[in-house]
Amino acid sequence: MVLAALLAFPAQLRAQDTAGVGTIRGRVTDAAGAAMQEAAVCVPATAQCVVTAPDGSFVLAVRPGTYALEIAAPGGPLVVSENVQVRAGLDRAVEIVLPPSEGVQQTVTVAAPAFVLPAEVKTSGFLIGAQEVSGSPGALQDVARYVQSLPGAVIGTDDFRNDLIVRGGSSLENLYIVDNVEIPNINSFATFASAGGTVSILDVQLIDNITFLTGGYPAPYGNRTSSVLQVAQREGRRDRIGGRATLGFAGAGGVIEGPIGSSAKGSWILSARRSFLDLFTSDTGIGGVPVLYTANAKAVYDLSARDRVWAVNLTGVDSIRLGLTETSDPSEELSNLDIRYEGWRSATGFNWQRVNSRGVGLLGVTHSRGAVGQSVKDLLRDGVPAPDTPVADQIASGAVVFRERSSEADTTVKYDVTTSAPYLEKIQAGGSVKASSIDYDTASPFGSDSPFFATSDANPFTLRERFTAYQVGAYAQATRSVTGRLDITGGARLDRYQFISATRVSPRLGASMSLTGRLALSASYGQYYQQPFFLFLTAYPENRSLEPFRADHYVSGLTFRLDTATRLSVEAYRKNYRDYPVSSQIPSLTLANVGDTFAVRDVLFPMISQGGGEVTGVEAYIDRKASAGSRWAGEGNLAFSRARFSGFDGILRPGSFDYPIVANVIGRYRLAPGWSLSGRMAYLAGRPFTPVDPVTSAAERRAVYDVARLNESRVPDYFRLDLRVDRTFRRGDRQVSIFAGVQNVTNRRNVAGYSWDRRANALRRLDQLGLFPILGLEWPL
């Protein structure tokens, strides 16, 4: 059986999740530790086999699942391994020790199994389990908030939002992918001029694992210049229908899952949640209550041993009213506004994966659509109302300064293949065509009152555009093991941006070298291009001449494995930006310094592609995964960095997200059976801000920055400590989980920045999140 399979199916390769498969990568030795050359290693469930190399190593690319391996050494009997779990896009590292032939046993043990990032990712990669996100005290079960604690990632200007800032870049520069489906924005209460929101629409209960790439990532990823956040959702149960009720920050809901048919060839899983604060109050202190509905679904079916199809959907619907009420604090800027927002976003993808004798192919068809309707009234535009003016009258007479009822939709067809070739050993290639259907109905009739502009009503516009634009991309990359210790990946991608008539080629190169059994050196280089968002391109006629902006990544690092559960790494990096969109009116203003805001009209202005930037840094990271017999797990990182950006004047100034020193510690300790304590500490050295010009602000009765001193000042250092206690217990044959905790347990008043109290006509400090309790429940059904 083994020899027949070997003849039918040549050697398979480890694959990145561009092809939707995972990898079993390992080594076969005899009982004395000697390498077993030309041993056959097979996966009977998928009819795949390989022969081990002279050093006993082997690689098998298989689709996600749990498999037993069959191993046969030359002249030896067939033995069967324990089950090995495989996840999409990850390498499963195993060590197989064969017993002496005279004492052969039915099964062999798979030693030191561990999931690792694929070989194509040489630097700046992190693998995150779902439990790490769901159990983190500071993440609110939100993927984006969790990765803000990893090296290179920080919060934006306000921790109320979940904007992701990676190595000094803007929050607009991050790519989100869920099960091979690109998601324009994974967050609730989002706009078309930002990439963040308040909380993710992803339900952590459906997540299997997350891959987070912060620099030097390989050729399959395009049109983003800072990071890739890739989520693989788990499959539903194939044995019976089951489910659980959940309660958390994003709302109350449930998960239900089960098999497709009676043959266990497929499964489905569905999550639905709804926020619940509006059931108890009509005002949470912001003039209203956020209302959020989310649904996540996935279905998988195995057509054959070689063919698998799956479909996914993520949907979020949200609405909120913000602004003046009878009990509002008049010094709050929200008390000067009346904001009505409703949003809807959905992404659906269908994928067909085929494993054959030449490699793995993955065809994907996706469609995503987002719609936003909002209006903003400025209640003080015509002056400060008399103190006894009823709230209803103030709102009724307020001027509409911004309105929007727009939609964006993307339809993408893509194909990725992983195969082998002589000399190069492994080739990955793919292509995609994306059609973006844009329908904008947006107006800022009085222009912007952005503090960057010394006079009010700057750059009014009315935008009514409906069009379809295309983006075509293709990539190819090859991986080769030059020696037993040196591994190289090289490739490039080609992108055509039809709307702005631009074509760009992006080379990528990475290498890793094993210096010892525990110490490895790695390095990567890449060019990355990104088209500015369509709303920026269309708001003003001159913006249509904007070019794709570019970032060059240079990364190198060392990784040392202390043991099977603990690793220590140090990386140094540099990012060079060019052709960045900047204001054509204010010499120092760059789009890189804005974007993490709900105030859309403040980030829309005439632009030209004449900005630049430089970001450098060093990051140290230690990570200890949970292991059998250990009561604790955790991670910590320390980063030193410097971010500088320029407007069209070419003068490099501190970027708005230039945190010179960042430290994070996350830990979890098992107190007793069923009880655990976890904590998160975050420290960020003072973020830059532009001082308010008090004279001009008083005359304009609004905040006006002293742009000649852009980002010259810094807010006080940021510190936050979050704690959480988890309790699990069994009720019958089911495990129930309850948690309670506190964010910012010291109630430190971290400063977000400074604004202007327009009613009192005085400077006002803006604080970030104070002490905030959290509760959650997971109850199996």
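Quick one: in segment 396-408, which of the residues that are open to solvent by 30 Å² or more (accessible area, probe 1.4 Å) and under 39 Å from the mean Cα position of the chain (by Cα) is nearest to Ala435 (Cα to Cα)?
The residue in question is Glu408.
Surrounded by 14 or more Cβ atoms within 10 Å (Cβ to Cβ) and over 28 Å from Asp579 (Cβ atoms): does that describe Phe719? Steps first, answer last, please.
Values: surrounded by 14 or more Cβ atoms within 10 Å (Cβ to Cβ): yes; over 28 Å from Asp579 (Cβ atoms): yes.
It is true that Phe719 is surrounded by 14 or more Cβ atoms within 10 Å (Cβ to Cβ) and over 28 Å from Asp579 (Cβ atoms).
Condition check ((1) hydroxyl-bearing (Ser, Thr, Tyr); (2) open to solvent by 10 Å² or more (accessible area, probe 1.4 Å); (3) in contact (Cβ under 8 Å) with a residue 40 or more places away in the chain) across all residues:
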residue	(1), (2), (3)
Asn180	no, yes, yes
Pro184	no, yes, yes
Ser188	yes, no, yes
Thr198	yes, yes, yes
Leu206	no, no, yes
Gly215	no, no, yes
Ala219	no, no, yes
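Look at Gly613 and say whether it is in contact with a helix residue (DSSP H, G or I) (Cβ under 8 Å, 6 or more places away or on another chain), small (Gly, Ala, Ser) and either modelled with pLDDT of 95 or more or part of a strand (DSSP E or B) (or both).
Here the answer is yes, as Gly613 does meet what is asked.
Taking the residues in segment 409-428 that are among the aliphatic types (A, V, I, L, M) and more than 23 Å from the chain's Cα centre (by Cα) as candidates, determine which candidate is most open to solvent (accessible area, probe 1.4 Å).
Residue satisfying both the conditions and the ranking: Leu424.
Take Gly359 and decide whether it is on the phi > 0 side of the Ramachandran plot, in contact (Cβ under 8 Å) with a residue 60 or more places away in the chain and surrounded by 16 or more Cβ atoms within 10 Å (Cβ to Cβ).
Working: on the phi > 0 side of the Ramachandran plot: yes; in contact (Cβ under 8 Å) with a residue 60 or more places away in the chain: yes; surrounded by 16 or more Cβ atoms within 10 Å (Cβ to Cβ): yes.
Yes; evaluated as a whole, the condition is true for this residue.
Among the candidates Val384, Val365, which residue alone is in contact (Cβ under 8 Å) with a residue 24 or more places away in the chain, among the aliphatic types (A, V, I, L, M), open to solvent by 40 Å² or more (accessible area, probe 1.4 Å) and closer than 30 Å to Ala45 by Cα?
Val365
Being closer than 23 Å to Tyr705 by Cα, open to solvent by 50 Å² or more (accessible area, probe 1.4 Å) and either aromatic (Phe, Trp, Tyr) or assigned to a strand (DSSP E or B) (or both) is the filter here; which residues of segment 644-693 pass it?
Across segment 644-693, the qualifying residue is only Phe648.
Give all pairs with beta carbons closer than 7 Å in which a residue from segment 693-714 that is touching a residue at least 24 places away in the same chain (Cβ under 8 Å) meets a residue that is part of a helix (DSSP H, G or I); count only pairs at least 6 apart in sequence or on separate chains.
Taking only residues 6 or more apart or on different chains, the pairs are Ala703/Ser697; Val704/Thr696; Val704/Ser697.
Cβ contacts < 7 Å: first residue over 17 Å from Phe605 (Cβ atoms), restricted to segment 576-588; second residue among the β-branched types (Val, Ile, Thr) and open to solvent by 10 Å² or more (accessible area, probe 1.4 Å), any location; separation 6+ or different chain. Result?
Listed by first residue and then by second, the contacts come to nothing, as the list is empty.
Does Arg145 meet the test of being basic (Lys, Arg), within 13 Å of the chain's Cα centre (by Cα) and over 25 Å from Val582 (Cα atoms)?
Criteria met by Arg145.
What's the number of the condition Ala392 fails, among (1) over 22 Å from Phe499 (Cα atoms); (2) touching a residue at least 60 places away in the same chain (Cβ under 8 Å)?
The number of the failed condition is (2).
Inside segment 542-572, can you point out the residues that are open to solvent by 50 Å² or more (accessible area, probe 1.4 Å), over 30 Å from Ser627 (Cα atoms) and of a type outside the set (S, T, N, Q)?
Glu542, Arg544, Glu547, Tyr554
Wholly within segment 708-781, which strands (runs of 3 or more DSSP E) include no fewer than the required count, namely at least 1 residues that are of a type in the set (Val, Ile, Thr)?
Correct list: 718-731, 734-743, 751-757, 772-780.
For every residue, the table says whether it meets (1) in a strand (DSSP E or B); (2) among the hydrophobic types (A, V, I, L, M, F, W, C).
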{"residue": "Arg403", "(1), (2)": "yes, no"}
{"residue": "Ala409", "(1), (2)": "yes, yes"}
{"residue": "Val413", "(1), (2)": "yes, yes"}
{"residue": "Ala421", "(1), (2)": "no, yes"}
{"residue": "Phe446", "(1), (2)": "no, yes"}
{"residue": "Ser450", "(1), (2)": "no, no"}
{"residue": "Ala454", "(1), (2)": "no, yes"}
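State all residues of segment 573-597 that are open to solvent by 10 Å² or more (accessible area, probe 1.4 Å), part of a loop (DSSP other than H, G, I, E, B) and closer than 26 Å to Pro151 by Cα; if no residue qualifies, say none.
Val594, Asp596, Thr597
Could you say which residue among Gly373, Gly349 is part of a strand (DSSP E or B) and surrounded by fewer than 19 Cβ atoms within 10 Å (Cβ to Cβ)?
Working: Gly349 fails: surrounded by fewer than 19 Cβ atoms within 10 Å (Cβ to Cβ).
Only one candidate passes the filter, namely Gly373.
Quick one: count up the residues across segment 127-145 that are open to solvent by less than 10 Å² (accessible area, probe 1.4 Å) and of a type outside the set (Gly, Ala, Ser).
Going through segment 127-145 one residue at a time, the tally reaches 5.
Determine, yes or no, whether Ala305 is in contact (Cβ under 8 Å) with a residue 40 or more places away in the chain and open to solvent by less than 30 Å² (accessible area, probe 1.4 Å).
no
Confirm whether Pro460 is closer than 30 Å to Pro330 by Cα and exposed (fewer than 15 other Cβ atoms within 10 Å of the Cβ).
Here the answer is yes, as Pro460 does meet what is asked.
The values are calculated or read from the model by the stated rules, or taken from the named source; none is laboratory data. Remember, predicted model here, so these are calculated numbers, not experimental data. With ideal geometry, Cβ positions are generated from the backbone for all residues, glycine too; neighbour counts draw on all protein chains shown. To get the accessible areas, we keep the full protein, side chains included, count just its heavy atoms, and leave off ligands, DNA and RNA. Shrake-Rupley method; radii C 1.70, N 1.55, O 1.52, S 1.80 Å.
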